[in-house]
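Q: Handing you a structure now.
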Amino acid sequence: MAKVCVYAELSEGKLHSAATEILTKARELGDVTVVALGTGAKAAAETLGKHGAKVAYVSEDKVFDDYLAEPATDVLHAIQQADAQDLVLFSFTSDSRDVAGRLAARLGTGLISNASDLSAADGGFVAKVPYFGGAKVASMRANGKPAIVLVRPKSFEASESGGSAEIKEAPGSVGDGSKRAHVLERVVEASEKVKLEDARVVISGGRGMGGPDNFPLLEDLASALGGAVGASRAVVDAGWVPYSMQVGQTGKSVRPGVYIAVGISGAMQHTVGMKTSKVIIAINKDAEAPIMKMADLGVVGDAMKIVPALTAAVKAKKGKT
Amino acid sequence: MKIVVTVKQVPDPNSTQSLEADNTLARDKEVVLDPGDECGIEEGLQLKEAHGGEVVLVSMGPERAKDAIRKGLSMGADRGILITDEKLAGADALLTAKALAAAIKAESADLVICATESYDGSTGMVPPMIAELLGVPQLTFAKKVEVNGSTLKVNRQTADGYMVVEAATPALITVTAAIAEPRYASLKGIMAARSKEVKQVSLSDLGVDGGEPAETIESVASAEARKAGSIIEDDGSAVDQIVKVLADAKVL
């Protein structure tokens, strides 16, 4: 069996949802060792065991909470030295990206970034990577030893397989030389009632919303449906809404039951982050907008009228049941 | 403070792209300075204006990538270095990082500024690799930067807000588009850029070997397209139809 190592990202004591998604795929590819570092690592190891990890390297040392990238790189490097892995997997999220890049450079091996799928083939690994703005998918064979691959969140659905991981103390020692990028403070700006990545319904707005003043219309619909509000890159770049709401290549990937795109044309940059949604509804003035070609229901009309009417209808229907 | 900004020439985001026979992106099309790098140059210039020093642009690419450097020089950067070498055609992230890191090392920069990811490659892996190869800390996804003597403080964008991260220089930062609105080059700036130095170096000048790329592209297929559903004009019944779809999907 191939040896597969998954770096399970923790943030403020919580396991990132991508960890169990990637683990669900990783256990098909070989015997999985996970690495969980920082506050909450022990509890995370239990969850990771249920999802198929055989061994969990764990440390709750605060150094992993307080310093970016380098302490985690030290641990992963030590694991690779002691017990060479065939494949090391990371999620394509900001903290993991920082660690993966440093690890690859330290090992002198390359990596494959931004993958959306992964399989074993001919004794190695082949990753599928969105290419050419998302219009194409490239199959890339990993040449590195170990192969290092970063996988986009929401590429796989997490499922438990039962079992538990053997807990081991994370190897290596973190020297003062790695305590450099010091986290002084964490500030939460988004007052999300429902997390965008976890929402069953996502309502996203684009340029067609006309301006930031109209976004409360989407908030109202989201709260009526118990969903979350997202946005296209164009309106985030324009400063209408914060980056935390951005869905797409350079933002979040989502996979809700229903995705409602309001005033979004459907550039590849956006659709790569939402096209695996189960049902897509688009509301747009332009019948020719690319989003219409991928929507299960495309409504050509004025969002400023349709959205408030829809909110009222949802509330009325909920009131009845 | 000596600041190095990495810059890249990329296919114009507003032009249509195509693929070469070997499935790599055709890069002979209309090309521009990566819009993300313009933000990095702007931040570098603002730091220089506040704290003094020099802004050096480092790029890797074919000879025509000098145009991208020249654009940054016309914004106000002091000089440029272009790493160009046949062995770099199709270079992966690690080789790119090795070449850039070697050129940056020779400059003994206090601060290296990169965009979080390039517009065309989007792997986002070159900056942390450069930081590791230079042996400096990295403060990534910066949307605000403060320099106080040899201390660097950054507001680092996170999924739900930001974190404040501090490190001593030398260090590398990656910047988001929120960091600074790039200035337009003035006519004076464009004229001045013509006489600014752009040094061209090869891999052997830098003492870097080529190497086996990290990945081999085996095939490229069209992304799975979703089947189009129905498109309706809103004649007043749209809301009812949306409600039906929501109910069928069991979210209502």
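The values are calculated or read from the model by the stated rules, or taken from the named source; none is laboratory data. Note that the structure is predicted; figures quoted are calculated from it, not measured. Reconstructed Cβ throughout: ideal geometry from the backbone, glycine too, with neighbour counts over all protein chains shown.
Q: Does the stretch A:36-85 hold any residues that are in contact with a helix residue (DSSP H, G or I) (Cβ under 6 Å, 6 or more places away or on another chain), outside any helix (DSSP H, G or I), among the β-branched types (Val, Ile, Thr) and touching a residue at least 60 places away in the same chain (Cβ under 8 Å), and which are they?
A: A:Val58
Q: Does A:Met209 fit the bill of being over 23 Å from the mean Cα position of the chain (by Cα), within 30 Å of A:Lys317 (Cα to Cα) and in contact (Cβ under 8 Å) with a residue 40 or more places away in the chain?
A: The answer is yes for A:Met209.
Q: Turning to a different aspect of this structure: Right, B:Thr140: among the hydroxyl-bearing types (Ser, Thr, Tyr), surrounded by 24 or more Cβ atoms within 10 Å (Cβ to Cβ), more than 8 Å from chain A (Cβ to nearest Cβ) and closer than 30 Å to A:Ala135 by Cβ or not? Before the answer, list the steps.
A: Working: among the hydroxyl-bearing types (Ser, Thr, Tyr): yes; surrounded by 24 or more Cβ atoms within 10 Å (Cβ to Cβ): yes; more than 8 Å from chain A (Cβ to nearest Cβ): no; closer than 30 Å to A:Ala135 by Cβ: yes.
Answer is no for this residue.
Q: Something else about it: Against the definition (under 22 Å from A:Ser113 (Cα atoms), β-branched (Val, Ile, Thr), more than 14 Å from chain B (Cβ to nearest Cβ) and buried (at least 21 other Cβ atoms within 10 Å of the Cβ)), how does A:Thr73 come out, yes or no?
A: So A:Thr73 fails the test.
Q: Another one. Give me the residue from the stretch B:143-168 that is more than 10 Å from chain A (Cβ to nearest Cβ) and either under 21 Å from the mean Cα position of the chain (by Cα) or basic (Lys, Arg) (or both) and, out of that set, surrounded by the most Cβ atoms within 10 Å (Cβ to Cβ).
A: Filtering first and then ranking leaves B:Val145.
Q: Now a separate question. Can you name the number of the only condition in (1) part of a helix (DSSP H, G or I); (2) crowded, with 24+ Cβ neighbours inside 10 Å that A:Val32 fails?
A: Only one criterion in (1) part of a helix (DSSP H, G or I); (2) crowded, with 24+ Cβ neighbours inside 10 Å is unmet by A:Val32, namely (1).
Q: With the structure loaded, tell me whether B:Met125 is in contact (Cβ under 8 Å) with a residue 24 or more places away in the chain and either within 20 Å of B:Val55 (Cβ to Cβ) or at the interface with chain A (Cβ under 7 Å from one of its Cβ atoms) (or both) or whether it fails that test.
A: Yes; evaluated as a whole, the condition is true for this residue.
Q: Does the stretch A:277-292 hold any residues that are under 22 Å from A:Leu225 (Cα atoms), more than 9 Å from chain B (Cβ to nearest Cβ) and surrounded by fewer than 20 Cβ atoms within 10 Å (Cβ to Cβ), and which are they?
A: Listed by number, the list is empty, since nothing qualifies.
Q: For the stretch B:209-229, does any single residue satisfy the condition of being more than 7 Å from chain A (Cβ to nearest Cβ) and in contact (Cβ under 8 Å) with a residue 24 or more places away in the chain?
A: Within the stretch B:209-229, one or more residues are more than 7 Å from chain A (Cβ to nearest Cβ) and in contact (Cβ under 8 Å) with a residue 24 or more places away in the chain.
Q: A further question on this structure: Can you name the strands (runs of 3 or more DSSP E) wholly within the stretch A:99-182 that have at least 1 residues being within 13 Å of chain B (Cβ to nearest Cβ)?
A: A:112-115, A:117-121, A:124-131, A:136-142, A:147-151
Q: A further question on this structure: What strands (runs of 3 or more DSSP E) completely inside the stretch B:172-242 contain at least 3 residues that are within 30 Å of A:Ile280 (Cβ to Cβ)? Working first, answer last.
A: Values: elements: B:198-201, B:215-222, B:230-233.
Correct list: B:215-222, B:230-233.
Q: Considering only residues that are touching a strand residue (DSSP E or B) at 6+ places or on another chain (Cβ under 6 Å) and facing another protein chain (nearest Cβ under 10 Å), look in the stretch B:109-121 and name the one that is nearest to A:Ile112 (Cα to Cα).
A: This residue is B:Asp120.
Q: Ok, one more. Collect the residues in the stretch A:104-133 that are at positive phi and surrounded by 16 or more Cβ atoms within 10 Å (Cβ to Cβ), keeping them in residue-number order.
A: Answer for the stretch A:104-133, where residues must be at positive phi and surrounded by 16 or more Cβ atoms within 10 Å (Cβ to Cβ): A:Asn114, A:Phe132, A:Gly133.
Q: Only one of (1) within 14 Å of another protein chain (Cβ to nearest Cβ); (2) under 17 Å from A:Ile148 (Cα atoms) is not met by A:Gln81, so which one is it?
A: So the condition that A:Gln81 fails would be (1).
Q: Residues that are closer than 21 Å to B:Leu203 by Cβ and at pLDDT 95 or above: list the strands (runs of 3 or more DSSP E) wholly contained in the stretch B:27-143 that include at least 3 such residues.
A: In the stretch B:27-143, B:54-60, B:79-83 are the strands (runs of 3 or more DSSP E) which contain 3 or more residues that are closer than 21 Å to B:Leu203 by Cβ and at pLDDT 95 or above.
Q: What pairs come up if the first residue lies in the stretch A:147-159 and is over 17 Å from B:Ala159 (Cβ atoms) and modelled with pLDDT of 95 or more, the second is in a loop (DSSP other than H, G, I, E, B) and not aromatic (Phe, Trp, Tyr), and their beta carbons are under 6 Å apart, counting only those six or more places apart or on different chains?
A: A:Ile148/A:Leu111
Rundown of residues vs (1) facing chain B (nearest Cβ under 10 Å); (2) on the phi > 0 side of the Ramachandran plot; (3) crowded, with 20+ Cβ neighbours inside 10 Å, yes/no style:
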position	(1), (2), (3)
A:Gly239	yes, yes, no
A:Val258	yes, no, yes
A:Ser265	no, no, yes
A:Gln269	yes, no, yes
A:Val272	yes, no, yes
A:Met294	yes, no, yes
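Q: Shifting gears a bit: Run down A:Leu15, A:Leu23, A:Leu37, A:Leu48 and say which single residue is at pLDDT 95 or above, under 17 Å from A:Glu197 (Cβ atoms) and buried (at least 24 other Cβ atoms within 10 Å of the Cβ).
A: Step by step, each of A:Leu15, A:Leu23, A:Leu37, A:Leu48 is checked, and only A:Leu23 is at pLDDT 95 or above, under 17 Å from A:Glu197 (Cβ atoms) and buried (at least 24 other Cβ atoms within 10 Å of the Cβ).
Q: Say whether the condition of being in contact with a Phe, Trp or Tyr (Cβ under 9 Å, 6 or more places away or on another chain), within 11 Å of chain A (Cβ to nearest Cβ) and modelled with pLDDT under 95 is met by at least one residue in the stretch B:181-200.
A: no
Q: Okay, next question. Within the stretch A:143-194, track down each residue that is closer than 22 Å to A:Ser116 by Cα and among the β-branched types (Val, Ile, Thr).
A: Matches in the stretch A:143-194: A:Ile148, A:Val149, A:Val151.
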